[in-house]
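Take a look at the structure set out below.
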Amino acid sequence: MDTFMLARLQFAANISFHILFPTITIALCWFLVFFHLRHRATRGTPQAAGWEQAYYFWTKVFALTFALGVVSGITMSFQFGTNWPGYMERAGNIAGPLLGYEVLTAFFLEATFLGIMLFGRGRVSERVHLVATLMVALGTTLSAFWILSLNSWMQTPAGYEIIDGQFHAVDWWAIVFNPSFPYRLGHKLLASALTAGFLIAGVSAWQLLKGTATEGTRKALRTAVTAVAVVIPLQIFMGDLHGLNTLEHQPAKIAAIEGIWHTERGAPLTLFGLPNEKEGRTDYALQIPKAASLVLAHDANAELKGLNEFPGAHPPVAPVFWGFRVMVGVGMLMLAVAWWGAFTLYRRRGRDASTWPRPLLWTLVGMTFSGWVATLAGWYVTEIGRQPYLVYGLLKTADAVAPHPPAMLMGTLVAYLTVYVLLLAAYIGVIKYMAEHSTMPTPAVRPPAPQPQIQTL
């Protein structure tokens, strides 16, 4: 493989590993805020201990996840300079400040209050500890805000001018709140809620099956199932809005997603098929007549541009086509499982979660990391669908790569992949261990004071 492809694979591996962890932490910390509030609201009742257990257990999971997200993000930032210097040379006047805002606001907020959140129980007041948890949650959301603002600007650039081949800011408001940003931010926040919710539900179900559940486990399970049942319809609605926006600003990406090779009115919706880019068709296509125009433009007779309109300027079709279907397929499975769980919760309200049907518990276990699958598939659609551009329509990816020897890039790629596989296995293994050894005291439970010994003669 040449330098260009190896550099792309290396960055893809890095961002694929990195995105797994912020996708959890963004929403997981808001779950922690909820657990903390419920603990305070039920203080003095038998329920309080359960909410405290839920908070304590998932705080440890958050800390582990946050640490992996931070270190993998640092590695990714280095690659901007080592493998893609052309990007920072051309777009650094815009990308640099946005990345700097993320560090100065989100990261500093997280770093300042994370220590209090993790180690402050019993050392600061309950109110201060709650505020610390809330600040960390705000920090994770702010981090998503700035990163998605930059990424969205690369998808739908606005508020700039080009002088001597370099991008310069003209309107920072237009840059930050570019045309695709609100939809992508909403889509990502809801995706994080689903990812964290299914993680909590899956781990809690595993604890029930293994007999290591606490009252906190049961409360966390009910909370997670309720949350994902509410969020998944919102995510479908947001996805529709995002699709309309993409159709307006990136029609080539939509054409690749749907396998539309030629411009047509009343375009059919291709459920499955084998994209044949060489011949310009989709083999063995299973289609619904006019459904693509109806879904994408809300008009059964609307005209959709085909890939023929973008010669040499459209993304590779197969990965975008299949990535989108994996994302939608997992989303539909999430909907079914979430509503199954919500129905069970409603039917068995007032009863212990351990009485839930074992098939449902095992299904939730199987869906533990389903959010990761959907996130990666959606991210591939977004990023591969932007090709051949880094900044859509303005800066090609091939024009930003550094001329490193392929052998060096191959060696570092293998090293990255090895480390990522080991870290991912360790992460899952640690969560499994914590789930199976969760009966440890919360920080608020202090050991009894030693009793004085009376010596007898």
Checklist line | Residue check, Ile19 surrounded by fewer than 18 Cβ atoms within 10 Å (Cβ to Cβ), within 20 Å of the chain's Cα centre (by Cα), part of a helix (DSSP H, G or I) and hydrophobic (A, V, I, L, M, F, W, C) | finding: no
Notebook entry, point to check: Among Ala196, Ala205, Ala229, which is the only one that is of a type outside the set (D, E, K, R), touching a helix residue (DSSP H, G or I) at 6+ places or on another chain (Cβ under 6 Å) and closer than 21 Å to Gly69 by Cβ?
Noted result: Ala196
Next item on the list: Return only the number of the condition from (1) buried (at least 24 other Cβ atoms within 10 Å of the Cβ); (2) at positive phi that Gly211 does not satisfy.
Entry: (1)
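Per-residue answers, yes or no, for (1) in contact with a strand residue (DSSP E or B) (Cβ under 6 Å, 6 or more places away or on another chain); (2) touching a residue at least 12 places away in the same chain (Cβ under 8 Å); (3) of a type outside the set (Gly, Ala, Ser):
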position: Gly86; (1), (2), (3): no, yes, no
position: Ala106; (1), (2), (3): no, yes, no
position: Val124; (1), (2), (3): no, no, yes
position: Leu150; (1), (2), (3): no, yes, yes
position: Gln155; (1), (2), (3): no, yes, yes
Margin query: Of the residues Phe80, Phe113, only one is among the aromatic types (Phe, Trp, Tyr), farther than 27 Å from Thr133 by Cβ and either surrounded by 14 or more Cβ atoms within 10 Å (Cβ to Cβ) or under 18 Å from the mean Cα position of the chain (by Cα) (or both); which?
Written below: Phe80
Check: Has the stretch 390-402 got any residue that is closer than 30 Å to Val228 by Cα and among the charged types (D, E, K, R)?
Finding: no
Next item on the list: Enumerate the pairs (first residue in the stretch 267-291 and acidic (Asp, Glu); second residue anywhere and loosely packed, with under 12 Cβ neighbours inside 10 Å) with beta-carbon separation below 6 Å, excluding pairs fewer than 6 apart on the same chain, so at least 6 apart or on different chains.
Entry: none
Item checked: Cβ-Cβ under 9 Å pairs, at least 6 apart or on other chains, the stretch 300-326 side under 17 Å from Asp283 (Cβ atoms), far side of a type in the set (Asp, Glu) and buried (at least 17 other Cβ atoms within 10 Å of the Cβ) -> Phe321/Glu258
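Conditions tested, residue by residue: (1) touching a residue at least 24 places away in the same chain (Cβ under 8 Å); (2) more than 30 Å from Glu436 (Cβ to Cβ); (3) out of contact with any Ser or Thr (no Cβ under 8 Å at 6 or more places or on another chain).
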residue	(1), (2), (3)
Arg121	yes, no, no
Val128	no, yes, yes
Ala144	yes, yes, no
Leu199	yes, no, no
Leu208	yes, no, no
Next item on the list: For the stretch 32-59, name all the residues that are closer than 22 Å to Leu199 by Cα and either polar (S, T, N, Q) or assigned to a loop (DSSP other than H, G, I, E, B) (or both).
Entry: Gln53, Thr59
Next item on the list: Among residues belonging to the stretch 396-415 that are in contact with a Pro (Cβ under 9 Å, 6 or more places away or on another chain) and either surrounded by fewer than 21 Cβ atoms within 10 Å (Cβ to Cβ) or acidic (Asp, Glu) (or both), point out the one that is nearest to Ala313 (Cα to Cα).
Entry: Lys396
Check: Would it be correct to say that Gly273 is assigned to a helix (DSSP H, G or I) and among the small types (Gly, Ala, Ser)?
Finding: no
Margin query: So Asp240 ticks every box in (1) crowded, with 19+ Cβ neighbours inside 10 Å; (2) within 25 Å of Val330 (Cβ to Cβ) but one. Which box is left unticked?
Written below: (1)
Margin query: Is it the case, given these coordinates, that Leu335 is part of a helix (DSSP H, G or I), closer than 13 Å to Thr195 by Cα and either among the acidic types (Asp, Glu) or touching a helix residue (DSSP H, G or I) at 6+ places or on another chain (Cβ under 9 Å) (or both)?
Written below: yes
Notebook entry, point to check: Considering only the stretch 288-305, how many residues are in a loop (DSSP other than H, G, I, E, B) and either under 16 Å from Gly259 (Cβ atoms) or not acidic (Asp, Glu) (or both)?
Noted result: 7
Note to self: Checking the conditions here, which among Lys305, Lys290 is among the charged types (D, E, K, R), surrounded by 13 or more Cβ atoms within 10 Å (Cβ to Cβ), over 15 Å from Glu248 (Cα atoms) and modelled with pLDDT of 85 or more?
What the structure shows: Lys290
Checklist line | the stretch 244-256, residues that are surrounded by fewer than 22 Cβ atoms within 10 Å (Cβ to Cβ) and in contact with a Phe, Trp or Tyr (Cβ under 9 Å, 6 or more places away or on another chain) | finding: Leu244, Asn245, His249, Pro251
Note to self: Need pairs with beta-carbon distance below 8 Å; first residue on the phi > 0 side of the Ramachandran plot and at pLDDT below 95 and within the stretch 1-30, second assigned to a helix (DSSP H, G or I) and buried (at least 21 other Cβ atoms within 10 Å of the Cβ); sequence gap 6+ or separate chains.
What the structure shows: none
Note to self: Can you report the number of residues in the stretch 70-105 which are of a type in the set (A, V, I, L, M, F, W, C) and over 28 Å from Leu417 (Cα atoms)?
What the structure shows: 4
Notebook entry, point to check: So which residues in the stretch 364-397 are of a type in the set (Val, Ile, Thr) and assigned to a loop (DSSP other than H, G, I, E, B), if there are any at all?
Noted result: Thr368
Note to self: Anything in the stretch 31-50 that is under 28 Å from Glu102 (Cα atoms) and without any contact (Cβ under 8 Å) to a residue 24 or more places away in the chain? List them, or say none.
What the structure shows: none
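The values are calculated or read from the model by the stated rules, or taken from the named source; none is laboratory data. As the structure is a prediction and not an experimental result, all values here were calculated from the model. Here Cβ is always computed from backbone atoms with ideal geometry, including for glycine, and neighbour counts include all displayed protein chains.
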